[in-house]
1. Want the number for His32 to Ala51: 0.36 nm per residue separation, take away the alpha-carbon distance, what's left?
2. Going by C-beta contacts inside 10 Å, put Asp154, Asp48, Asp204, Asp312 in order with the fewest on the left.
3. Could you pull out the chymotrypsin sites (Phe, Trp or Tyr not before Pro) across region 296-339 that fall in loop regions by DSSP (anything but H, G, I, E, B) with no more than 11 other Cβ atoms inside 10 Å?
4. Shape verdict for region 1-102, please, from the Cα gyration tensor: rounded (a/c under 1.5), prolate (a/b greater than b/c) or oblate.
5. Net charge within 14 Å of Arg386 by Cβ-Cβ distance, Lys/Arg positive one each and Asp/Glu negative one each, not counting Arg386 itself?
6. Between Leu266 and Thr376, what is the label-point separation in nm under the 7 Å Cα-to-beta-carbon projection?
7. Just to confirm a number: summing +1 for Lys and Arg and -1 for Asp and Glu over residues other than Ala203 whose beta-carbon lies under 12 angstrom from that of Ala203, what do you get?
8. Taking θ = phi - 60°, what integer Hz values does the Karplus form 6.51 cos²θ - 1.76 cosθ + 1.60 yield along region 354-369, in sequence order, with x for Gly and Pro?
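Since every read-out is calculated from the coordinates, none of them should be taken as a lab result. Remember, predicted model here, so these are calculated numbers, not experimental data. All Cβ positions, even for glycine, are placed from backbone atoms using ideal geometry, and neighbour counts span all protein chains on display.
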Amino acid sequence: MFPERFSNLPAYAFPRLRALLDHHAPGGDIVHMTIGEPKHAFPAWVTDVIADNAAGFNKYPPNDGCPELLTAISGWINRRYGVAVPETQIMALNGTREGLYNAAMALIPEEKNGQQPVVLMPNPFYQVYAVATVSVNAEPVFVNAVAENGFMPDYTTLAPEVLERVAVAYICSPANPQGAVATRQYWRDLIALAEQYDFRIFADECYSEIYRNEAPSGALEVAREVGADPERVVIFHSLSKRSNLPGLRSGFVAGGPECIRRIRQLRAYSGAPLPLPLQLAAAKVWDDEAHVEENRRLYQEKFAIADEVFADVPGYQSPEAGFFLWLPVDDGEAAAMKAWTETGIRVLPGAYLSRDTEAGNPGKGYIRVALVAPKTEVRDALITLRDCIYG
C-alpha cells in the first residue's frame with residue numbers, strides 16, 4: 001500500500017499543466033516554454049569519447065565514479081571555487097536528482113533532539129526536496145522565497161523551537177525558478193545558523209555556470225572560508241545545464257568525509273551508477289570550459305532580449321542566473337490558459353512549483369518561462385507572450 005505520508009505531497013507540476021491545458025485547443029503554433037531542458041548543442045566530441053570507450057558497456061561501472069571522472073570533478077571544483085576536495089569526498093551521480101534524494105536517505109536521522117526532524121526548503125521548490133523529506137518521515141517546512149527577500153528563503157526568521165529540530169536545509173542557488181543568487185553574506189549567515197543549530201546544508205547548485213555577469217559564490221567555498229565543520233555543507237552539481245547534457249545523467253555530490261561515506265554506502269546497496277563509457281565522457285566534459293563559456297554567452301543574449309521585451313512590464317525583474325523568467329501576472333493559471341488558448345505558447349503557472357502556506361502561495365502571481373529554445377524563437381515567443389498577457 002502507498003504510505004499515507006505521501007498523500008499530502010503536491011501533485012507534480014507537469015501533469016497538473018496537462019490537466020489544465022490539454023482539453024483546450026492551442027491558439028497558434030505550439031511553442032513549449034515550460035520544461036528546463038537545454039536545447040543548445042553539447043560538445044560534438046562527446047559521442048566520439050563514448051564510441052571510443054564503448055567496450056566499457058561490457059563491464060559493471062564503478063559505483064562511486066571511475067578515477068578519471070573523480071579526478072576531473074575534483075579539478076573542476078578547485079578551479080571553480082578554489083577548494084581542494086579529495087576524490088574520496090566526491091561521488092558521481094546518475095543525475096543530481098538521485099543525489100538530492102539519497103543524501104536525505106543517508107544523512108537525515110530518525111530524530112533530532114528527541115523529536116521528529118525538520119527539513120527546510122525554499123518555496124517555490126524542486127519537488128524532490130519534499131519527496132525526500134517525506135520518505136524519511138521528516139517534517140517539511142516551506143519558507144517563502146519572494147521579491148521582498150531577494151527570492152532567497154530567510155531561514156534565520158524561523159522560531160528557535162523549529163530550528164532546534166532542523167536536520168537539513170535545502171538551498172537552490174542560482175534559484176529555480178526565480179534566477180536569484182545566494183550572496184557570500186547569505187551563505188555566511190546560513191552556515192552560521194547551521195553551526196548554531198547543528199544541521200546540514202544541501203546546496204543544489206546545478207545552475208551555477210549559467211549566469212549574467214559574475215560567477216555565483218558556492219556554499220562549499222564559503223564554508224571553507226569561515227572554518228565551518230567539514231560535514232556542514234554538501235554540494236550537488238550536474239552537466240545537464242552547464243553542458244547541455246541532461247540525457248547523459250552525470251552529476252556529483254561532494255562534502256565532508258563522513259557525509260560522503262554514508263552516501264556511498266547507500267549507493268552500494270541501492271544506487272544505479274553511470275555506465276563506464278558515459279563516466280569517461282563526463283570526465284572530458286568537466287575538464288573543458290570552452291563549451292561552457294559559449295553556452296553562457298547564448299543565454300546572456302536571450303536574457304538581454306527578455307530585458308528589452310519586458311522592460312515596461314511592472315514588477316519584471318531580470319534574473320541573475322539560470323535560464324528561466326519568473327514573470328509577474330495577476331494569476332498564473334489564468335495567464336497560462338490565456339497564453340495557450342490565444343497564442344499556442346505553453347508556460348508553467350508558478351503555483352505549480354510552490355506550496356500554500358499561511359503567508360499564501362508565493363508562486364500564484366507568476367508564470368515560469370524557459371529560455372531554452374534558439375534565440376530567434378525565444379524573441380518571437382516573448383514578444384507574442386508580452387502582447388497577449390500584458391498588452
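1. Details: separation 19, 0.36 × 19 = 6.84 nm, distance 3.21 nm.
Here the segment from His32 to Ala51 would lengthen by 3.6 nm.
2. Working: Asp154 17, Asp48 12, Asp204 29, Asp312 8.
Ascending number of Cβ neighbours within 10 Å: Asp312, Asp48, Asp154, Asp204.
3. On the way: sites: Tyr299, Phe303, Phe310, Tyr316, Phe323, Phe324, Trp326; in loops: Phe310, Tyr316, Phe323.
Answer by residue number: there is no such site.
4. Values: a/c = 2.18, a/b = 1.60, b/c = 1.36.
Prolate, because a/c is 1.5 or more and a/b exceeds b/c.
5. After counting each charged neighbour, the total is -4.
6. 4.7
7. Numbers: positive: Arg200, Arg232; negative: Asp204, Glu205, Glu221.
Counting the neighbours of Ala203, the net charge comes to -1.
8. For region 354-369, the Karplus-derived couplings read 9, 10, 5, 10, 4, 8, x, 8, x, x, 4, x, 9, 10, 9, 10 Hz, x marking Gly and Pro.
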